[in-house]
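Take a look at the structure set out below.
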Amino acid sequence: MESLVLCLWFISVGLAQMFTGQDPLAKGTHCNVTGQWKNELGSTLQLTSNGPELRGVYHTAVETECGASGQNREARVVGVISEGPQPTVAFSVQWLKGSCSVWVGQCFLLPGGGQVLKTLWMLRSAAESTAGNWGSTRLGEDQFVFVGKAEVADGH
């Protein structure tokens, strides 16, 4: 039985390499979201992954109104991450004046060894009444590039 399991393991590694062109046992074949990320607007995201949980700090380069995100333009990140070589992610922040932002996306490996987080985001501002509901939600997309390992981001 042990030899059958070992044989199936070698076959699965060979098939994975044949179909993806990548050696699944080689270094750099899994996205690692732990570290520092930067998006196209200059906002930074510092993440730590612990099992399925994500924690960290988001520093925004943009605001819907001056002071909406707080004096330091930072918020604690809480989220989840799936398993796999290119995991899906979902994370959120709550800003000082009560709005919330959420991102959902996936970490992709790039040719040459880089990583990118491709995400869609939603920003929800607090509305005064149901009449303001429609205008209180904004949608968009962000692309975060991995800029390197950073100090542990625990969100505190």
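The lone criterion from (1) free of Cβ contacts under 8 Å to residues at least 60 places away in the same chain; (2) more than 24 Å from Thr34 (Cα to Cα) left unmet by Ser125 is number (1). Taking the residues in region 100-128 that are closer than 20 Å to Ile81 by Cα and open to solvent by 80 Å² or more (accessible area, probe 1.4 Å) as candidates, determine which candidate is farthest from the chain's Cα centre (by Cα). Checking each candidate, the answer is Met122. Of all residues in region 84-99, exactly one satisfies the criterion of being among the hydroxyl-bearing types (Ser, Thr, Tyr) and surrounded by fewer than 16 Cβ atoms within 10 Å (Cβ to Cβ), namely Thr88.
Suppose we filter Ala61, Ala131 for residues that are without any contact (Cβ under 8 Å) to a residue 60 or more places away in the chain and either in a loop (DSSP other than H, G, I, E, B) or open to solvent by less than 40 Å² (accessible area, probe 1.4 Å) (or both); which single one remains? Selected residue: Ala61, the only one of Ala61, Ala131 that is without any contact (Cβ under 8 Å) to a residue 60 or more places away in the chain and either in a loop (DSSP other than H, G, I, E, B) or open to solvent by less than 40 Å² (accessible area, probe 1.4 Å) (or both). When you look at Leu117, is it assigned to a strand (DSSP E or B) and in contact (Cβ under 8 Å) with a residue 60 or more places away in the chain, yes or no? Judged against the criteria, Leu117 is a match.
The values are calculated or read from the model by the stated rules, or taken from the named source; none is laboratory data. All values reported here derive from a predicted model rather than from experimental measurement. In this analysis, Cβ positions are derived from the backbone assuming ideal geometry, glycine residues included, and neighbour counts consider all displayed protein chains. These accessible areas exclude ligands, DNA and RNA; they are computed on the full protein's heavy atoms, side chains included. Shrake-Rupley method; radii C 1.70, N 1.55, O 1.52, S 1.80 Å.
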